[in-house]
Amino acid sequence: MKAMVCRAWGDPDTLRLDEVDRPPLNPDQVRLRIHACGVNFADTLIVAGKYQVKPAFPFTPGFEAAGEIIEIGEAVTQIRPHLHRGQRVFAYMRRGGGYAEEAVVNAAALVPIPEAMDWATAGGFPIAYSTSHYALVHRARLQAGETLLVLGAAGGVGLSAIEIGKQLGARVIAAAGGPEKLAVAQAHGADDAIDYQHESIRDRVRELTDGRGADVVYDPVGGDAFDQALRAVNWGARMLIIGFAAGRIQAVPANLVLVKGISIVGVDRGAESQRNPGLIAEGFTELLRWWEAGRLKPVVGKTFPLAEAGAAMEALLSRRYPGKIVVEV
Amino acid sequence: MKAMLCREWGEPGILRLGELDRRPLQPHEARIRVHAAGVNFADSLMVAGKYQVKPAFPFIPGLEAAGEIIELGAAVRHLKPGQRVLAVLRNGGGYAEEIALNAEAVVPIPDGMDFVTAASFPVAYGTAHFALTHRGHLQPGETLLVLGAAGGVGLTAVEIGKQLGARVIAAAGSADKLAVARAHGADELIDYRQESIRDRVRELTAGRGADVVFDPVGGDAFDQALRAVNWEARMLVIGFAAGQIQAVPANLILVKNISVIGVVWGAQAERDPVLVSRNLAELLRWWETGRLKPEVARSFPLAEAGAALEALLSRRYAGKIVLEA
């Protein structure tokens, strides 16, 4: 089968489309014919050798995919009796392998998708929405009426945080770089917008909240944006650390955490789905119910064919596109 | 009435005994004749101008006191004149012969509890209990690492950790201090002048790390503990008694789903004095049943409050330091 293969640490253009053997199917796994694979910031890190997990060479990146079941392991009926060949599903793939025509996935990780959900949307859905759901519902316990500040608000994971924040009844302040991105954020429900190319996050959040500050901060960006947000949070705020897309890992001064009774909360949803798969699965149930009710509107900013997965990753790094970048197979 | 006054920011020696008029009592307030006042690390910060609460000069330090009620505002229903009580003083005032305050921050004490013990009680037990239950959600069977385990608030964290069913690892800076921590229930001991907190905690937990860290020390001790915590650990930032404020690398927080949680019990007391008083009443009931054993290291007369603060800062003593008025 064809797959994009990484044989050395490097930039996205390091990947090559190769003919590779089909991976073996374990009894508790399912083989998928992949139709679409979501591109994530972590893909660029893993190819660069900068991710917390470093697979052996050669490996195929890609942490989420949508496709149909073409083969079922013999033990799967005990775990997931209702799975069947031809079923349309998506999956978070902790061990990677999404940038390929086929992949093997643990049956426990599969989520059946509605007929009405197209492949590109499905391929880009799992990581963004379940990360935001897990972070806002379980880690931050965002309450109705609270103020949620979303940094990187027009990115794949940022837009999903805006939508889920609104579903939970919060007031959402979106912070992003530039008016086009903020327009997308507002189209997805953000109540207020901050352009951090021209404005101070710290000053604007304080203004927008009569000096009180945000109650929850959703931060996939890190660095300076986090530092500013830290100075515009309310007593008892929860700052969710999702990632460091801006490239600088911030060091958090503990005295600022102390004086306002703040919680700095690390969110590694990938590891959580391994330890607590039931929790993540429940999240998908709620998320797909919201999607079917029209309350979530996933954005696919651009798609690329499998052979251009490297260009897809570069498009993600360019920050030019809102929403998700998806590779179509 | 006499009180220790701070007229400018400085070292503990800057405090002077002064004479002040009583101020009139508001309808919701109580006036207490103070018999004893607790001495806390935060008092030295307030006197140095480094605390988040900065009262106008001249101010009276002291975040906790015990005594009897000598006057009540007309709207106060739940207290009686002559009642023996403790008081939580978010904005100071304890280093004095009398204190007037919101009656919601006043809690009756058991007949069997003397005033010195009562004055040593609220900040240390209130902070540890609030931190470990409300902020840390410490569960039975979890492993709690207490840094500065022989200090005023460290010992109470050891005791409350045991009451909550945790396994408690106490880290302190000498064998004598660790012996006190052991006497208050600690299961394991780490002497951080001789041993690496990081390595010992990993050994003691078969590599998994601690589930909750109670940290009044900060600095290097925190940095080491951060590298010896379990998945979804809760690191409770209580203070920086070591004098260094750590900067926490956010990637280390991310990869283990850790929470770094700031705990300001005093601010909680200000926002919700009724809840805090209720929790203190509960803790006093634990004391009555013998589950808590407050450790008072030394007392000083009110006029020697400066020396009392210096004694606290010397780190020579295990447990609380108290003033007697």
Response to the item:
The strands (runs of 3 or more DSSP E) lying wholly within the stretch B:239-325 that contain at least 3 residues that are within 20 Å of B:His35 (Cβ to Cβ) are B:296-301, B:320-324
Worksheet entry | Of the criteria (1) under 20 Å from the mean Cα position of the chain (by Cα); (2) within 28 Å of B:Asn257 (Cβ to Cβ), which one A:Ala144 fails | (1)
Practice prompt. Among the strands (runs of 3 or more DSSP E) lying completely within the stretch A:129-233, list those that include at least 2 residues that are touching a His at 6+ places or on another chain (Cβ under 8 Å), in contact (Cβ under 8 Å) with a residue 12 or more places away in the chain and within 23 Å of A:Gly261 (Cβ to Cβ).
Written response: none
Worksheet entry | Matching residues in the stretch A:261-295 - criterion: being touching a residue at least 40 places away in the same chain (Cβ under 8 Å) and in contact with a strand residue (DSSP E or B) (Cβ under 8 Å, 6 or more places away or on another chain) | A:Val265, A:Val267, A:Gly270, A:Ser273, A:Ile280, A:Ala281, A:Phe284, A:Leu288
Response to the item:
All-but-one check, A:Pro298 against (1) more than 30 Å from B:Gly262 (Cβ to Cβ); (2) in contact (Cβ under 8 Å) with a residue 24 or more places away in the chain; (3) loosely packed, with under 15 Cβ neighbours inside 10 Å, failing number (3)
Worksheet, complete the sentence: Screening A:Gly86, A:Gly38, A:Gly67, A:Gly96 for residues that are touching a strand residue (DSSP E or B) at 6+ places or on another chain (Cβ under 8 Å), outside any strand (DSSP E or B) and modelled with pLDDT of 95 or more leaves only A:Gly86
Worksheet item: Among the residues of the stretch B:97-150, how many are of a type in the set (Val, Ile, Thr), surrounded by fewer than 24 Cβ atoms within 10 Å (Cβ to Cβ) and not assigned by TED's automatic domain parsing to the domain that holds B:Phe300?
Response: 1
Discussion item. Being under 21 Å from A:Arg22 (Cβ atoms) and surrounded by fewer than 23 Cβ atoms within 10 Å (Cβ to Cβ) narrows it down to one residue among A:Arg141, A:Arg85; which is it?
Written reply: A:Arg85
Practice prompt. Starting from residues that are closer than 19 Å to B:Glu159 by Cβ and in contact (Cβ under 8 Å) with a residue 60 or more places away in the chain, keep the ones in the stretch B:187-233 and report whichever is farthest from the other protein chains (Cβ to nearest Cβ).
Written response: B:Ala210
Worksheet entry | Scope the stretch B:188-238; condition surrounded by fewer than 18 Cβ atoms within 10 Å (Cβ to Cβ) and in a loop (DSSP other than H, G, I, E, B); matching residues | B:Arg193, B:Gln194, B:Glu195, B:Ser196, B:Ala206, B:Gly207, B:Arg208, B:Arg227
Worksheet, complete the sentence: Of the candidates B:Ala325, B:Ala305, B:Ala250, the one satisfying the condition of being crowded, with 18+ Cβ neighbours inside 10 Å and within 8 Å of chain A (Cβ to nearest Cβ) is B:Ala250
Worksheet item: Limited to the stretch A:240-274, what total is found for residues that are over 23 Å from B:Gly262 (Cβ atoms) and within 7 Å of another protein chain (Cβ to nearest Cβ)?
Response: 2
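The values are calculated or read from the model by the stated rules, or taken from the named source; none is laboratory data. All figures in this text were calculated on a predicted structure; none of them were measured in a lab. Glycine gets a Cβ as well: all are built from the backbone with ideal geometry, and neighbour counts include every protein chain shown.
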